[in-house]
Every structure is written in C-alpha cells, then in structure tokens.
1. If you scan segment 120-173, which residues turn out to be at pLDDT 85 or above, surrounded by 13 or more Cβ atoms within 10 Å (Cβ to Cβ) and of a type in the set (A, V, I, L, M)?
2. So residue 4 ticks every box in (1) modelled with pLDDT under 90; (2) under 27 Å from residue 160 (Cβ atoms) but one. Which box is left unticked?
3. Taking the criterion of being over 16 Å from the mean Cα position of the chain (by Cα), surrounded by fewer than 16 Cβ atoms within 10 Å (Cβ to Cβ) and free of Cβ contacts under 8 Å to residues at least 12 places away in the same chain, would at least one residue in segment 76-86 satisfy it?
4. Any idea which of 159, 113, 151, 86 is in a loop (DSSP other than H, G, I, E, B) and within 30 Å of residue 30 (Cα to Cα)?
Amino acid sequence: MSKTKPLPKISAKPTRSPKGTIVNLRSDEVVEAFHAIIDASIAIESYTNKLHKNFNIRQPSVSIINALFENGGTLPQKRLVKHLGRTRQATALALSKLERSQIISREEADNDRRKRIVSLTAKGWALARKIRSSHDRFFDIFTSCINKSDRGKIAVILRTLIESLNKDIKNFN
C-alpha cells in the first residue's frame, strides 16, 4: 500500500479566490466539504428518483410541476423556461409529455397568439400535491438527525452556496 502525501495546509486567515470569494478553510477542510456536498447530492438524487418513480415521472417533469405549483398553477412558457434554467427544446419536450398525460395544458395567450400559457390541470394539481407531500416527508427523513432549530438553516445555506456557484459558473469563461 503506497503512502499518500498529506494535503497542504492553508492559513486560517481569510483570503480571496481569483473570483473574489472569501476562502478561510484549510485545504483538507475544503476537500472534505466538497466531497460531502457531492455525496449528499448523489444520495438526494438517488432518493428523489425513487420517489418520483412512484409517480411514473422524471425529474424534469417534477421541476415543471413544482414551478407551476409554486406560482399558482399557471406560467407563461417563456418564463417557465427561464425559471427552470433549461433549454427551450428540453422544456418543450417535457411539457409535451406532461400535456399528453393530461397533467398540464397549454393555450395561446389572449393578448398575443405567439405566447403560450402553461397551466396545471385538475390531474396536475392532484399530482403536484402528492409530490409536495413526498418532498416534505423526504425533508423530514433527510433532516431527522438534525435538531429542529438547525433544519431551517439548511435551505438558506444551500441556496447561498448554489447562488454563489451559479455566479462563478457565469463568470467562468
């Protein structure tokens, strides 16, 4: 068995990365945090994929249903595409599948025939409530090992990390 080299230590004094993000973790803590985030992401994806199989639905469709649910059941298709961060083509494909399953309907906007309005059907609303309930149960299971006062902080921390990462991704090139 070969002996691995210990990771170099970085000063605990805050420094700035090339993109301006403050870094004050030692490199071994950074690596550990990175792997923990990746492992959590994989575990969450695996678990939610199993949940969604119960509904005979895939993640892109769940994202659409959740976006509509959170916005009162109706959104312009263009805004939905932007909200999801997916291509128009990928969103249109997922919408077509949902429309064939009678989970959503699409209609032309009253004031502009070029615009399409996407809405949950009665079947879509029922499915959205079931999905939301399963996500709530998942959150309870996922956070059961954490005290209640810290549970609410998880979403805030993750959203902050995601927003920061998305900014860096946009500035990457």
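1. 120, 127, 128, 131
2. The failed condition is (2).
3. Checking segment 76-86: at least one residue is over 16 Å from the mean Cα position of the chain (by Cα), surrounded by fewer than 16 Cβ atoms within 10 Å (Cβ to Cβ) and free of Cβ contacts under 8 Å to residues at least 12 places away in the same chain.
4. Details: 159 fails: in a loop (DSSP other than H, G, I, E, B); 113 fails: within 30 Å of residue 30 (Cα to Cα); 151 fails: in a loop (DSSP other than H, G, I, E, B).
Checking each option against the conditions leaves just 86.
The values are calculated or read from the model by the stated rules, or taken from the named source; none is laboratory data. Since the model is a prediction, treat every value here as computed from it, not as a measurement. Heads up, the Cβs are rebuilt from the backbone with ideal geometry, glycines too, and the neighbour counts pull from every protein chain shown.
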